[in-house]
1. Given the options A:D110, A:D181, A:D115, name the one that is within 31 Å of the chain's Cα centre (by Cα) and under 21 Å from A:A416 (Cα atoms).
2. Determine which single condition A:D641 fails, assuming it passes every other condition in (1) within 14 Å of another protein chain (Cβ to nearest Cβ); (2) charged (D, E, K, R); (3) without any contact (Cβ under 8 Å) to a residue 60 or more places away in the chain.
3. Out of all the residues in the stretch A:798-837, which are of a type in the set (G, A, S) and either more than 7 Å from every other protein chain (Cβ to nearest Cβ) or in contact with a helix residue (DSSP H, G or I) (Cβ under 8 Å, 6 or more places away or on another chain) (or both)?
4. Give the residue, chosen from A:A312, A:A285, A:A289, that is of a type in the set (A, V, I, L, M, F, W, C), out of contact with any strand residue (DSSP E or B) (no Cβ under 7 Å at 6 or more places or on another chain) and either assigned to a helix (DSSP H, G or I) or in contact (Cβ under 8 Å) with a residue 60 or more places away in the chain (or both).
5. Which condition number in (1) within 29 Å of A:G235 (Cα to Cα); (2) of a type in the set (S, T, N, Q); (3) away from chain C (no Cβ under 13 Å) is the one that A:S20 fails?
6. Given the condition polar (S, T, N, Q), within 14 Å of chain C (Cβ to nearest Cβ) and either part of a strand (DSSP E or B) or within 16 Å of A:E856 (Cβ to Cβ) (or both), answer yes or no: does some residue in the stretch A:755-777 qualify?
7. Within the stretch C:254-269, which residues are surrounded by fewer than 20 Cβ atoms within 10 Å (Cβ to Cβ), facing another protein chain (nearest Cβ under 8 Å) and out of contact with any Lys or Arg (no Cβ under 8 Å at 6 or more places or on another chain)?
8. So, in the stretch A:794-821, of the ones that are not aromatic (F, W, Y) and not in a loop (DSSP other than H, G, I, E, B), which residue ends up surrounded by the most Cβ atoms within 10 Å (Cβ to Cβ)?
Amino acid sequence: MSNAFRVDALGSVDRDKSLSFTFDGREYTGHPGDTLASALLANGVHHVATSIKYGRPRGIMTAGVEEPNALVQIEFPFPEPMLTATTVELYDGLVARGLSGQGRLSTRPDTARYDTVHAHCDVLVVGAGPAGLAAALTASRAGVRVVVVDELPSPGGSLPGTAPACEWVADVTDELSANSDVQLLRRTTAIGYYDDGLVLALEKRTDHLGAAAPAHVSRQRVWRIRARQVVFATGAYERPIAFDDNDRPGIMLAGSARTYLGRFGVLAGREVVVFTTNDSAYLAATELADAGARVRAVIDARSEVPAHWLDACAARGIEVRAGQAVSGTSGAERITGVRVGDEEIGCDLLLVSGGWNPAVALFSQARGTLRYDGVLGGFVPAGALDTVRTAGAARGVLGSAEVVSDGAEAALGALAALGKTAGEPVALPAVGDAPAGAPGAVLWQVPGSDDAQFVDLQRDQTVADVLRATGAGLTSVEHVKRYTTIGTAHDQGRTSGVLTSGIVAAALGVDIAELGTPRLRPPALPVAFAAFAGRNRGELFDPVRVTSLHRWHVEHGALFENVGQWKRPWYYPVGGETIEEAVLRECRAAREGVGMMDGSTLGKISVQGPDSGELLDRFYTNVMSSLKVGRVRYGVMCGVDGMVFDDGTVLRLAEEEFLVTTTTGNAAKVLDRMEEWLQTEWPDLRVRLTSVTEHWATIPLVGPRSRDVLALVAPTLDVSNAAFGFMTWQDTVVADVPARVARISFSGELAYEINVPAWYAHTVWEALYAAGGPFGITPYGTETMHVLRAEKAYPIIGQDTDGTITPQDLGMSWVVSGKKDEFVGRRSFDRAENRRADRKQLVGLLPVDERTLLPEGAQIIATETVPAPPVPMLGHITSSYRSDALGRTFALALLRGGTRRVGETLYVPLEGRTVAVTVTDPVLYDKEGTRRDG
Amino acid sequence: MQLIACPWCGEREEAEFHYGGQAHVPYPAKPADLDDEQWAQYVFFRDNPKGPFAERWMHAAGCRRWFDALRDTATHQFLSVHRMGEEPRA
Amino acid sequence: MTGTPLPDHPDFLWRNPDPKRSYEVVIVGGGGHGLATAYYLAKNHGITDIAVLEKGWLAGGNMARNTTIIRSNYLWDESSGIYEHSLKLWETLEEDLDYPILFSQRGVLNLAHTLQDIRDSRRRVHANQLNGIDAEWLEPDEVAKVCPIVNIDPDVRYPVLGATYQPRAGIAKHDYVAWGFARRADAYGIDLIQNCEVTGIDVTDGRVTGVRTTRGDIAAGKVALAGAGHTSVLAEMVGLRLPLQSHPLQALVSELLEPVHPTVVMSNAVHVYVSQAHKGELVMGAGIDSYNGYGQRGAFHIIERQMAAALELFPVFARAHMLRTWAGIVDTTPDASPIVGLTPVENLYLNCGWGTGGFKATPGVGWCYAHTVATGEPHPYNAPFALSRFVTGALVDEHGAAAVAH
């Protein structure tokens, strides 16, 4: 069986080329221009999937995105779960299979690229069917910027494949394409309307190429289209009818059969019965008959059928039965007959039309209100919004000529809103208007067996399920949706939503207009996660910040730690050292010889202006305005809640200029905060703030031999303690580079912090490294920095604090000025909770066993044996290290009433045991500060 | 994603902005004079209306200036924006 | 492969009564917390003259919109107390409610991506264990054993350095939970009244006397607020200002997929929380939108960011499809902990501020709030969550060192 159902002379597939594909393990052929569904139907394949709950065979019900049944898994060229066969464009080598409920994710990495594009326009037209094309052309002739998105490979939408229609589409498309202010995006589906004219659309760029897709072209991209006016010409979805066994393969919506015939030249069946409530299905009946199908009967639920349709059917020998309904079907893997009254009519295709539901999801997302149209039996836009309008079938206008006019009207409305004058009117296509039809009947359900009448085919939910829900006391469609799961599947209820409301309304005896339909949520089409992630993956997930010395660190074997976005050297293992060995070596160098590190990531803020000192006084807990030019002061700032927010040193560079340093992780937050308060609270202060973090490279040179090293590379600098005292800074020249050097120590050792413009960092670093060679200069990373500072009980904000700790808790009452009436957060210190004597305070902990290294994060309890939970906890270990200088392990901890507990023995419960620790003053090394001057 | 009209730069994407919560909550002139209840009101309590809300925004990826806005929290729509210290304009 | 069908709901759920003129207790808000409170008021305290007033449809707010993660591995004693109480109730809730709530204890991994994450995570594990909560620290290879699809490649932007694991954590089916409580409450004779919006609260001499609603005035001996994101609006009716800010919080779901994800994974640094629900869909939460909003919708760049984060941790999700996004309104507090207790108005009670974490607390807070309403005194589990803590400074700050606050 090879394309046995293909009809000559119809459709626009390229019959000169054949494409091979495999479905459910069998090989078939189709043509370029086919969808997987049309190619399967051309091969006579209707049974394509199995239902999720009852395992019933399911066929192809529609020709588009509304498909509830024909869900397929793509296996080659790359596995993709759950696509509708009706929207998969056929390509050579495609391997797919029908699904039963669940798709499968590939375990192989997806190497395809995904991208994002921004577009801005005056008028966005969604849909390039007759209404959309007319709207786009009308808008473009007014000279405005237009974007048109359409989900199909070529424009035209539901227009019939007749010569005049095709010609009109071609003319319009040509004119649009020739206009440089118009962008016509094919294979692009609008997926959501967001605020202020933002419409997201997904463009499928290479999916139709299969394995031949070029790797350098993004597979899909998300368009972020910002439009001043939006016209949704999104068409309508045909509505099924609930009757017994309405789910068999071979039951299709009538308009879809027209699409298969007109667009693909595929006859969906040879023995056809049509069941309709409205005129539109007569087009299907007559077109299929003309294409060679035997149309056994049109079953019309209306008692009156327009005369011209009766004539048209009679001319083709089609029996029309008015006032009747299909009450059931027979068949196993494919429909074999329908029941009408007592009669069975044989068929291999049943076409159904219960009317049309305008596609209002996007309009609804734009917060347009809907109203129920009793003639249509569906919900239509209640009216246009200021910037959003609908056109054509999307607002319930049916009939090609009316739809085209309506599209033009919508564009005129948009142009008027933009204050633009319309150009030449758009010519209507000669589509051979059908005579005025009769209104459709609204029919939700044909009486029968409720449990055999499917409402949501994908969820296998029947009328009986809906009635169970209403019988359980549910009166809201949202509750019914949740009770039954109707409308929650892949198709999001496009075919089931209004039908469900109709049945619920009838069951409850309420007006469907009052009941409404469930909320339509974005996206309008399922979209691959990767498409939304776009390029923001891997290295581009979050920017990587490196210092100007990064390459040196890499070349010298550093391992890195992520601190915020920064990569910081963590430690520099030599010759297979463990982290512990490396850190002990690095610490020893800094304590006994000389070490150096890259401190460039420290935040640096230049604070300038006459009121700089005043600003800093208001933020820091201590006084900064009294700092003398040339000197350095350590400071802490708190939140308004009185909790430590950040710390760092402040250099007074000039009378009206300070350099504030922050922790690496908080640099942006501190600047943000200073800017905020300066602008919103204290706009009277004359201060300017500038981030200079990346302008400067900062190199702490640390250890008793640091003075010797610096002297070698800064020959013009008097490095003596007398000339260059602790907590002062000097501008000088280091390694022939202008430098600012400060005597700051975060280790307790003699130390210099050398700041040079970042461009020169490498030169200066290498010069220091070379000069320090004879002294055994050792580069060290953040881990060693942490050990050295912990031995001196200098806290790390965020490690030894957690947003609940005050400066006093850290034992730093000395940094809280008694002279100032006020600084940010001060008032919070006086709250009841802050006055408690048993607040957690920073202490040192010495394990009784000097070799035991306590895990950071471990809790502290009072007893040697662990009582039954909940166990009273006294605090936790914030920092814990093996100390080369102390020759033992030690820890810092936040301990309830800690300062009063110095000398006590407490316990740290670890798996199955407790470790005895002695509480000490937190400063464990050189408490007298004898080492800082060398 | 909304378009937010920065009073200095014009309309920009929402992602460029930083939200600052309720506007017109000045830091108390003399915090030390407040009782714990009054201080807590300043530190922790903010209005949270459903409807028009005077709030602060900052154009973080642009001019980095703070400005005031009147926005309807029920619809999320901006009703007006104005520079710090200026009166709201519709 | 056939999907796992959900169990059927019972044939009868609840009556739809008209409101009476007066009730002993009126609960404002027919979400999970309101319904659970009603249930425990009846079950534990014998109070059944109760109306639960819901302005829309029952459990249609955050209860219908959350990602259903249940866990108790919080840092502070106060938090772990109430959440563990809740988790214990979850463990018997299916039998208690006689409703198939699909409580699945598949465990939760909270990933650590930085050295400080590791410290904070281990701190939480140590505290959890001493509080009697199952918790362990897993190294990356152990993480991969629990959840093989997590990318533990050390060369990614923010590598997984380990995780905390709570095996008893899991998920449940939110509608089933809400309807289970609702059905039981209804069976006790409690009136569940939908489409009934509270428009005013009557107070006489500092004491609450009733509520005004779109379905008429209702007298009440006690009024218990359970309005989640709308609590500020309700409290404003009696001039009560609360430390709450309401924000949109978005979530999303994929199509049904063959089982790939056996547990729940949460990451603070890469900001992902995801599980695979019973039918096979991936359920994922996004970040909170920064601004105040009652619109039940958020901005799309938050979702895009979320997708990028998800693929960092789960490359296999690349071609999963996002089927549906939605948003709820979360009421957040300055310390990321709830407020449950008394108010300055006599017989008016407050339960709010659960932020992103309210679902998991449903039975626990229902139990404790019922106690508070019935006795006029907070239960020991919710006593630490009094409104007064913002004045004294005795916060329960779950931001800093704590786990992700979801």
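1. Details: A:D110 fails: under 21 Å from A:A416 (Cα atoms); A:D115 fails: under 21 Å from A:A416 (Cα atoms).
The conditions single out A:D181.
2. So the condition that A:D641 fails would be (3).
3. Let us first name the residues in the stretch A:798-837 that are of a type in the set (G, A, S), namely A:798, A:803, A:811, A:813, A:817-818, A:825, A:828, A:832, A:837.
Passing the criteria: A:G798, A:G811, A:S813, A:S817, A:G818, A:G825, A:S828, A:A832, A:A837.
4. Details: A:A285 fails: out of contact with any strand residue (DSSP E or B) (no Cβ under 7 Å at 6 or more places or on another chain); A:A289 fails: out of contact with any strand residue (DSSP E or B) (no Cβ under 7 Å at 6 or more places or on another chain).
Step by step, each of A:A312, A:A285, A:A289 is checked, and only A:A312 is of a type in the set (A, V, I, L, M, F, W, C), out of contact with any strand residue (DSSP E or B) (no Cβ under 7 Å at 6 or more places or on another chain) and either assigned to a helix (DSSP H, G or I) or in contact (Cβ under 8 Å) with a residue 60 or more places away in the chain (or both).
5. Checking A:S20 against (1) within 29 Å of A:G235 (Cα to Cα); (2) of a type in the set (S, T, N, Q); (3) away from chain C (no Cβ under 13 Å), the one that fails is (1).
6. Taking the stretch A:755-777 as the starting set, the residues that turn out to be polar (S, T, N, Q) are A:755, A:763.
Imposing the further condition that a residue be within 14 Å of chain C (Cβ to nearest Cβ) reduces the set to none.
So far as the stretch A:755-777 goes, no, none of its residues is polar (S, T, N, Q), within 14 Å of chain C (Cβ to nearest Cβ) and either part of a strand (DSSP E or B) or within 16 Å of A:E856 (Cβ to Cβ) (or both).
7. Hit for the stretch C:254-269 is C:V260, nothing else.
8. The first filter runs over the stretch A:794-821 and keeps only residues not aromatic (F, W, Y), leaving A:795-813, A:815-821.
Cutting the leftovers down to not in a loop (DSSP other than H, G, I, E, B) gives us A:813, A:815.
Values: A:S813: 12, A:V815: 18.
Within the stretch A:794-821, the match that is surrounded by the most Cβ atoms within 10 Å (Cβ to Cβ) is A:V815.
The values are calculated or read from the model by the stated rules, or taken from the named source; none is laboratory data. What you see is a predicted model; the values in this text were computed from it and never measured. Virtual Cβ from ideal backbone geometry, glycine too; neighbours counted across all protein chains shown.
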